[in-house]
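The values are calculated or read from the model by the stated rules, or taken from the named source; none is laboratory data. Every value quoted in this text rests on a predicted model; they were computed, and no experiment measured them. Positions of Cβ are backbone-derived with ideal geometry, glycine not excepted, and every protein chain shown enters the neighbour counts.
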Amino acid sequence: MSDQFDAKAAREKAKQIAEERRAERRQRKRKCVLCGAEESDKTPLGPHPDGIGPSCRDEMACQSRRAAR
């Protein structure tokens, strides 16, 4: 009987850890793969045409931020 309770407690702990990691992932801000700008209302990110990750929707602003780096 003790083994069943230990296994159940381990499963519950694993579920709790997984939920915490999912919450952290949802709150993490995405960054543009080209210029490194964080996603915000001013710089909304969209999919990169080549599929390499999120990138700025405004290409000219992205290029100017890359040039400044």
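A few notes on this one:
Residues are listed down the side, and each one gets a yes or a no for (1) of a type in the set (Val, Ile, Thr); (2) modelled with pLDDT under 85; (3) touching a His at 6+ places or on another chain (Cβ under 9 Å):
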{"position": "1", "(1), (2), (3)": "no, yes, no"}
{"position": "10", "(1), (2), (3)": "no, no, no"}
{"position": "30", "(1), (2), (3)": "no, no, no"}
{"position": "33", "(1), (2), (3)": "yes, no, yes"}
{"position": "37", "(1), (2), (3)": "no, no, no"}
{"position": "55", "(1), (2), (3)": "no, no, yes"}
{"position": "68", "(1), (2), (3)": "no, yes, no"}
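- Yes/no for residue 35 being of a type in the set (A, V, I, L, M, F, W, C) and part of a loop (DSSP other than H, G, I, E, B): yes
- Residue in the stretch 47-64 that is surrounded by 10 or more Cβ atoms within 10 Å (Cβ to Cβ) and in contact with an Asp or Glu (Cβ under 6 Å, 6 or more places away or on another chain) present: no
- Residue 49 being at pLDDT below 85 and either acidic (Asp, Glu) or under 16 Å from the mean Cα position of the chain (by Cα) (or both): no
- Taking the criterion of being hydroxyl-bearing (Ser, Thr, Tyr) and over 25 Å from residue 27 (Cα atoms), the only residue of the stretch 37-69 that qualifies is 64.
- Residue 67 being over 11 Å from the mean Cα position of the chain (by Cα), in a helix (DSSP H, G or I) and either surrounded by 10 or more Cβ atoms within 10 Å (Cβ to Cβ) or not acidic (Asp, Glu) (or both): yes
- Checked against (1) surrounded by fewer than 11 Cβ atoms within 10 Å (Cβ to Cβ); (2) touching a residue at least 24 places away in the same chain (Cβ under 8 Å), residue 21 meets all criteria but (2).
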